[in-house]
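A short write-up of the structure that comes next.
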Amino acid sequence: MTVYSYSRVNTFFTCPAQFKFRYIDRLPSPSPEGVELFMGSRFHEAMEFLYHQVPGRLPTVNEVIQEFDRNWKKEMDRVLQKQRERGFTDPLRIVQPGQALEDFFNKGRLFLENYYHRYTPFDQDRTEGIEMKVTFDLDAKGEYKMQGYIDRLGRDDEGTLWIHDYKTSSRKMSEEDARSEDQLALYQIGLEQHPKFGPKEQVKLLWHFVAFEKDQVTAERNPKEIGWLKEKYVSKIKTIEKAREFPTKTSALCGWCEYLPVCAEGKKAVEARQAKKDRAQEGAVPSAVLNRPSSVAPPPSQAPTFPPPPAVVPTAPVPVPSRKGKRSPVSEDQLRLF
Ligand code: SF4
């Protein structure tokens, strides 16, 4: 029996062809790892390091950032090795024009520094689990199973469990979208079936969009909504298991798809989008400037050896956005970091 993850299910509905490449053919990626994923993974490792030590010991912001630097270097050695073995042009895939590897390195460090000052001494709740695996049934017979990993599970003073999820993306979900976002709500089912927690727990969902000063987006799901969610995912899995054809479904996401080099439809869609963008920008900025390739990234041999990072100078702590509705007056747009 296949145990599904949120991303496995949603890959099918985003693009069946991508689902087939990844989960049925298990085609080795024809592209290097995406830089966003690489930076996000290093950020998560540093957060794990931080919360593994709190509340026993409060690491300094420098220690947390050094952990990020250490893992970045170690993992960069791995992607460079892969680049040599697979003959990739770049160690990591950078899609956004004008962005370089070092920009993502610096963003990751900045996100950590901001998060640290915003939440120190990290006593908003008590950590109950980090990168905690949950496996759960969607139906009474246990024919449809899913699993996932909770970035961090915390319990506040009132006994409520908070499912924390850390996002390093440059787009922030709205509170309205959070009400229909399924991933963390599925993990809530995992907690209901977990021997340590169970169905009586009060659970809240909390996303941290760490590129924003007002980083928190929260949501809750009541038992009725959880019931509908289970039915929805049983139906989705049935659709996947019945599928015999896996057509391409092009979208703006094709530009970020690791299988783009082997997908003719995706390539056509990306070129058409680019041509449309170029037409719209005609007369403004020359497209050659905007569309310069990711070769602006440091050459592979130099990629992991950035100039020594500056010492982290703690900035003034940013007020913690309260879960009870107090919000910083600073606009999110001003604080978008990329
Ligand atoms: S490039 Fe686009 S159409 Fe092709 S597999 Fe990827 S997401 Fe699907």
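The values are calculated or read from the model by the stated rules, or taken from the named source; none is laboratory data. No experiment lies behind these values; they were computed from the predicted model shown. Cβ atoms come from the backbone with ideal geometry, glycine included; neighbour counts cover every protein chain shown.
Assorted remarks:
- Set side by side, the residues Glu131, Glu113 differ, and just one is in contact (Cβ under 8 Å) with a residue 60 or more places away in the chain and on the phi > 0 side of the Ramachandran plot, which is Glu131.
- First in the range 169-192 and farther than 16 Å from Ile226 by Cα, second anywhere and part of a helix (DSSP H, G or I) and acidic (Asp, Glu), Cβ under 8 Å, 6 or more apart: Ser169/Glu36; Lys172/Glu332
- Residues that are surrounded by 21 or more Cβ atoms within 10 Å (Cβ to Cβ) and part of a loop (DSSP other than H, G, I, E, B) within the range 93-137 comprise just one, Ile94.
- Residue list for the range 266-294, restricted to those being hydrophobic (A, V, I, L, M, F, W, C), at pLDDT 50 or above and out of contact with any Ser or Thr (no Cβ under 8 Å at 6 or more places or on another chain): Val270, Ala272, Ala275, Ala280, Ala284, Val285
- If you go through the range 43-59 and keep only what is among the charged types (D, E, K, R) and in a helix (DSSP H, G or I), you end up with Glu45, Glu48.
- Test: residue in the range 161-175 that is surrounded by 15 or more Cβ atoms within 10 Å (Cβ to Cβ) and of a type in the set (Asp, Glu): yes
- Qualifying residue in the range 60-70 (condition: modelled with pLDDT of 95 or more, in a helix (DSSP H, G or I), within 16 Å of the ligand (Cβ to nearest atom) and surrounded by 13 or more Cβ atoms within 10 Å (Cβ to Cβ)): no
- Extreme residue, farthest from the ligand (Cβ to nearest atom), among residues of the range 223-269 that are within 24 Å of the chain's Cα centre (by Cα) and basic (Lys, Arg): Lys230
- So Val54, is it surrounded by fewer than 18 Cβ atoms within 10 Å (Cβ to Cβ), within 26 Å of Phe212 (Cβ to Cβ), touching a Phe, Trp or Tyr at 6+ places or on another chain (Cβ under 6 Å) and touching a residue at least 12 places away in the same chain (Cβ under 8 Å): yes
- Inspection of the range 138-149 identifies at least one residue that is surrounded by fewer than 17 Cβ atoms within 10 Å (Cβ to Cβ) and touching a helix residue (DSSP H, G or I) at 6+ places or on another chain (Cβ under 7 Å).
- Note on the range 28-42: residues that are within 16 Å of the ligand (Cβ to nearest atom), of a type in the set (S, T, N, Q) and touching a helix residue (DSSP H, G or I) at 6+ places or on another chain (Cβ under 8 Å) total 1.
- Qualifying residue in the range 193-206 (condition: outside any loop (DSSP other than H, G, I, E, B) and aromatic (Phe, Trp, Tyr)): no
- Residue within the range 212-221 that is surrounded by fewer than 18 Cβ atoms within 10 Å (Cβ to Cβ) and either within 16 Å of the ligand (Cβ to nearest atom) or of a type in the set (Phe, Trp, Tyr) (or both) present: no
- Failed condition for Ala275, given (1) exposed (fewer than 14 other Cβ atoms within 10 Å of the Cβ); (2) within 16 Å of the ligand (Cβ to nearest atom); (3) in a helix (DSSP H, G or I): (2)
- Residues satisfying the criterion are absent from the range 169-179 (criterion: within 27 Å of Val64 (Cα to Cα) and not in a loop (DSSP other than H, G, I, E, B)).
- Pairs where the first residue, in the range 214-234, is within 14 Å of His164 (Cβ to Cβ) and the second is of a type in the set (Ser, Thr, Tyr), C-beta under 8 Å, 6+ apart: Asp215/Tyr115; Val217/Ser174
- Applying the criterion of being within 15 Å of the ligand (Cβ to nearest atom), in contact (Cβ under 8 Å) with a residue 24 or more places away in the chain and assigned to a loop (DSSP other than H, G, I, E, B) to the residues of the range 1-27, the residue that is farthest from the chain's Cα centre (by Cα) is Leu27.
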